[in-house]
1. Phe386 passes all but one of (1) within 11 Å of ligand 1 (Cβ to nearest atom); (2) not assigned by TED's automatic domain parsing to the domain that holds Glu343; which number fails?
2. So Val66 clears everything in (1) surrounded by 16 or more Cβ atoms within 10 Å (Cβ to Cβ); (2) at pLDDT below 90 except one condition, right? Which one?
3. Could you run through the stretch 409-428 and say how many residues are buried (at least 18 other Cβ atoms within 10 Å of the Cβ) and in a helix (DSSP H, G or I)?
4. Taking strands (runs of 3 or more DSSP E) that fall entirely within the stretch 341-408, which contain at least 3 residues that are surrounded by 23 or more Cβ atoms within 10 Å (Cβ to Cβ)?
5. Among the residues of the stretch 470-483, is any out of contact with any Gly (no Cβ under 8 Å at 6 or more places or on another chain), within 16 Å of ligand 1 (Cβ to nearest atom) and in contact (Cβ under 8 Å) with a residue 12 or more places away in the chain?
6. Residues that are more than 9 Å from ligand 1 (Cβ to nearest atom), closer than 24 Å to Arg128 by Cβ and either touching a residue at least 60 places away in the same chain (Cβ under 8 Å) or under 21 Å from the mean Cα position of the chain (by Cα) (or both): does the stretch 421-437 have at least one?
7. Restricting attention to the stretch 411-443, report how many residues are within 8 Å of ligand 2 (Cβ to nearest atom) and farther than 23 Å from Ser342 by Cβ.
8. With the condition kept exactly as written, say whether any residue in the stretch 388-404 is polar (S, T, N, Q) and away from ligand 2 (no atom under 16 Å from the Cβ).
Amino acid sequence: MAKKPGANAAAPAAFQFRRLAAGGVLVTNDFGGRAFISDRDFLMYSSGRLPASGKAYDALAAGGFVRDRLDFETLAGKWRSRNDSVFYGTGLHIFVLTLRCNHKCAYCQSSVTGERAAGADMPLSVARKSVDLAFQSPRKAITIEFQGGEPLANWDVLREIVKYARTKEKRTGKKLTLAMVSNFSLMDEAKAAFLLENEVSLCTSLDGPESLHNKNRTWSGGNSHRETARWLKYFNSRHDSQHDLKYRVFRPGALLTVSRLTLGHAREVVDEYAARGLEEIFLRPLAPIGYAKKRWQEIGYSPEEFLEFYEKALRYILLKNRRGVKIREKFAQMLLTKILKSEDSGYLDMRCPCGAAIGQLAYNYNGDVYTCDEARMVGWSGDDIFKAGTVGDKYEDIIAAAATKTVCAASSLESQPFCHRCAYKPYCGVCPVVNYEAQNSLWGQMPSNHRCGTLKGLFDLLFGLLRDGDSRAVLETWVNAGAKR
Ligand code: SF4
Ligand code: SF4
């Protein structure tokens, strides 16, 4: 039993802790407060014997760790700002316009069919109903993101539905952001002009330099890297002159999926992004779901292998920043937004509960609605556990569906036996889809959970860097440059 704190000692409030590899202890609490203290101070604090004065005491009092110094109003405000997404309704609506794709990527998680497959496109009637459903969300600002397969393969429906959604935006007064994730291989000047005129923001995949990209992203019809680079340059050039920016679209972005092939090329992928003037690089680990799960032995890796790659890349990015190159790593940026600013970064996978259904919905080509796009991929393999309804349903019914309630409950960290006491809980998120696919349980088993192992390593690295003044200064600039989605 814990001893009663002495008269002049700090009475501990609720906390979680983690011993750091470089020495010392990180203490956190559910309000997102954090403090680094020495092993000795931690021993004193946790046993109620830390004197109520001095550096360690001040750090703990400021973070909300001393029982009689709790400022509930400020602490509750921080909690709310980190979790405010739960109050507003679904913001991101992913439309799978087709399952068809002309690429055959090594890791593709999108459950695609061949380029000429029949019956794999979203009909216009389903697309319209999808827009109607998305607009039922109580959120004042929504995003519709076109994905696939390759969304440009269903161009006629894409064009019509962009017009329909823009008309609906005017009628309802909601703010609508349109976005598309494309490999650009089917892009041409006429399509590009239409997308810019209608303010559709664009994102593509860029997996590194040409040889690496083309190994990961196989396209029998041409050179995938060359087309990606060509259109990135094209769309970027519509942005470069900030003074007469004609289109209200985000600067085109690119995503990188780390496969086993990427692991030995940390510096090269960073150099590729920097050379193309991309200010953000998102080093996304592969998730063992969909097609990637089947090929895991060939393209997957352990958390340790990923973390070795990630640390090399991150330190190189920090070095580039110190040399004046503007480039940020998106994963770190989003985690640090929660850690340093106590704000939701918009990263749905790291919310609690996660963004499934209450943050995003995935509208399949055939009108089925899933709690998120990864959940749709599970549906593709014949298991509809995450199906929340169809596009004919009301938004209220989708939100009240069993699948929605289940993913919300399963992604609440408080109900996870290991997360519940983890020092990284205030900043972390669990994924019921990955748990289900990798461990046959929505709740997962964190000690052997691949995703948890990766996240713990990422947090260890980031908290380690935050103790080093030079790195911290750079990382703070990234957080300030971040914008909510
Ligand atoms: S279920 Fe997983 S992939 Fe889907 S939103 Fe939640 S964390 Fe993200
Ligand atoms: S998933 Fe892992 S790192 Fe995240 S809170 Fe749970 S135990 Fe901690």
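1. Status for Phe386: all satisfied but (2).
2. The number of the failed condition is (2).
3. 6
4. On the way: elements: 360-363, 368-370, 387-390.
In the stretch 341-408, 360-363 are the strands (runs of 3 or more DSSP E) which contain 3 or more residues that are surrounded by 23 or more Cβ atoms within 10 Å (Cβ to Cβ).
5. no
6. no
7. 1
8. Looking for residues that are polar (S, T, N, Q) and away from ligand 2 (no atom under 16 Å from the Cβ), one finds at least one in the stretch 388-404, hence yes.
The values are calculated or read from the model by the stated rules, or taken from the named source; none is laboratory data. These numbers come from a predicted model, not from an experiment. Positions of Cβ are generated from backbone atoms using ideal geometry, with glycine treated the same way; all protein chains shown enter the neighbour counts.
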